[in-house]
Each structure stands twice: as structure tokens, then as C-alpha cells.
Amino acid sequence: MSNTDLVIVTLSGMLDEYQMFITGLSAREKAPTFDELAGILMQEEELRRSLKRKSPNSDLVLIAKGKQSFEGK
């Protein structure tokens, strides 16, 4: 299986909660290799764990912060 196929299969199999993450990767000028994707996914997972440890409602906090900065512009 080619490197590109591995990346596509991996991203296709991800949960819906990663849709924004996948969209961000799709916007890149150059697609990551499978090894790069693995590293990026580990960083993303650690970030998500860190946010959940800080607050059980961390997803809501991020949404609220984003909404405030958008409304303020």
C-alpha cells in the first residue's frame, strides 16, 4: 500500500469528532506522509487529553472563546 493510501485510509477511519482536524490537514499545501500524520495525531490526542483534564466542559469553553473573539471583530 502506498504512503498516500495509508494516509487516506487512516483519515477516512477517524471518528466524526476529528472532522475539523481532518479539514485542517486537507487545507495544507502538501499532504503529510504517514509517519508525519502519526506524529501529528499523537500531538492532537495529547492536546485533547490536556484540555479535558483542565475542564470537563473544555469543548464548550473553546467554542465560547471562539465565539467571543468573532463577535468582537
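What follows draws every value from the coordinates through simple rules; no lab data is involved. Computed from a predicted model, the values in this text were never measured in an experiment. Virtual Cβ from ideal backbone geometry, glycine too; neighbours counted across all protein chains shown.
Of note:
- For the listed peptides 7-17, 35-45, a ranking on the average number of other beta carbons within 10 Å per residue, highest first, reads 35-45, 7-17.
- Net charge, Glu46 excluded, C-beta distance under 14 Å - Lys, Arg +1, Asp, Glu -1: +3
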